[in-house]
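Just below is one structure, and these are the notes that go with it.
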Amino acid sequence: MPLHIYFATSNPHKAVEIRNALQKYGVDVKHIELELTEIQADELEKVAEFKAKEAYRLVGHPVMVEDAGLFIHALKGFPGVYSSYVYRTIGNEGVLKLMEGVENRAAKFKAVIALALSQDDVRIFTGECHGMIAEKQRGKEGFGFDPIFIPEGHDRTFAEDYEYKNQVSHRKRATQSFINFIKEEGKHLLE
Ligand code: IMP
């Protein structure tokens, strides 16, 4: 019998990526469209934990949320926890402007999955993907910062090679860590 897990997000792209990553492990992801409160905090883990508790209150059932960010080395980790605001305001063009003439283009994506098993029991799973900021936007697939992010060991952006993104992404790695937990100790928690 497949395991079912609710995944709350207002971002349909994330829901698809999470569903595809978990499907092959027999976990059926039920997407719930929810606009959750994005608190201001210095770590994605805190933002995700707050969202997971809020989602649990609304759904009344174990539920998973995910928060992600782009951390650019030369900008001391910016936009990081402010990624959503930065994307909405200056967007990819603005980030490329900040990076004009910058030689060290190292960056990473980080994803934090928070699984609320009850109101006070939240488990955290993280995943990172290292890479660099492209010189210009390339590619049409994916979403958000995908057109400006080139994963390590590759020459195309996430938006140019979406299949590759889904093999190596921060989100894929966070779901891997979630799956390890489910396999080792968490299966009964979702039944
Ligand atoms: P949040 O996790 O939805 O708060 O994401 C923060 C910002 O990072 C949003 O603007 C997203 O579009 C962007 N973002 C999150 N995940 C990804 C990704 O996998 N690729 C590109 N951009 C992303």
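The values are calculated or read from the model by the stated rules, or taken from the named source; none is laboratory data. Owing to the predicted nature of the structure, the values given are computational and were not obtained by experimental measurement. Using ideal geometry, Cβ is built from the backbone for each residue, glycine included, and neighbour counts are taken over all protein chains shown.
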Restricting the stretch 24-48 to residues that are more than 13 Å from the ligand (Cβ to nearest atom) and in contact (Cβ under 8 Å) with a residue 40 or more places away in the chain, which is surrounded by the most Cβ atoms within 10 Å (Cβ to Cβ)?
-> 27
Kindly establish whether residue 118 is within 10 Å of the ligand (Cβ to nearest atom) and in contact (Cβ under 8 Å) with a residue 24 or more places away in the chain.
-> no
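Every residue, every condition in (1) surrounded by 20 or more Cβ atoms within 10 Å (Cβ to Cβ); (2) within 30 Å of residue 102 (Cα to Cα), yes or no:
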position: 139; (1), (2): no, yes
position: 144; (1), (2): yes, yes
position: 151; (1), (2): yes, yes
position: 185; (1), (2): no, no
Specify which of the listed residues (55, 21) is modelled with pLDDT of 95 or more and within 16 Å of the ligand (Cβ to nearest atom).
-> 55
Hits in the stretch 151-191 - residues which are modelled with pLDDT of 95 or more and of a type in the set (S, T, N, Q) = 157, 166, 167, 169, 175, 176, 177
Yes/no for residue 72 being closer than 26 Å to residue 5 by Cβ and either touching a strand residue (DSSP E or B) at 6+ places or on another chain (Cβ under 9 Å) or buried (at least 20 other Cβ atoms within 10 Å of the Cβ) (or both) | no
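A quick yes/no check of all residues on (1) modelled with pLDDT of 95 or more; (2) under 17 Å from residue 39 (Cα atoms); (3) in contact with a helix residue (DSSP H, G or I) (Cβ under 8 Å, 6 or more places away or on another chain):
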residue	(1), (2), (3)
63	yes, no, yes
72	yes, no, yes
83	yes, yes, no
89	yes, no, no
95	yes, no, yes
108	yes, no, yes
111	yes, yes, yes
Residue 6 in contact with a strand residue (DSSP E or B) (Cβ under 8 Å, 6 or more places away or on another chain) and aromatic (Phe, Trp, Tyr) | yes
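Within the group 102, 95, 112, which residue is under 27 Å from residue 153 (Cβ atoms), away from the ligand (no atom under 16 Å from the Cβ) and in contact (Cβ under 8 Å) with a residue 12 or more places away in the chain?
The conditions single out 102.
Could you check how many residues of the stretch 123-153 are assigned to a strand (DSSP E or B), touching a helix residue (DSSP H, G or I) at 6+ places or on another chain (Cβ under 8 Å) and away from the ligand (no atom under 13 Å from the Cβ)?
So the answer is 3.
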Evaluate the stretch 53-62: report whether one residue or more is free of Cβ contacts under 8 Å to residues at least 12 places away in the same chain and under 15 Å from residue 120 (Cβ atoms).
-> yes
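Please work out if residue 112 is within 30 Å of residue 60 (Cβ to Cβ) and either part of a helix (DSSP H, G or I) or among the aliphatic types (A, V, I, L, M) (or both).
For residue 112, the condition - within 30 Å of residue 60 (Cβ to Cβ) and either part of a helix (DSSP H, G or I) or among the aliphatic types (A, V, I, L, M) (or both) - is met.
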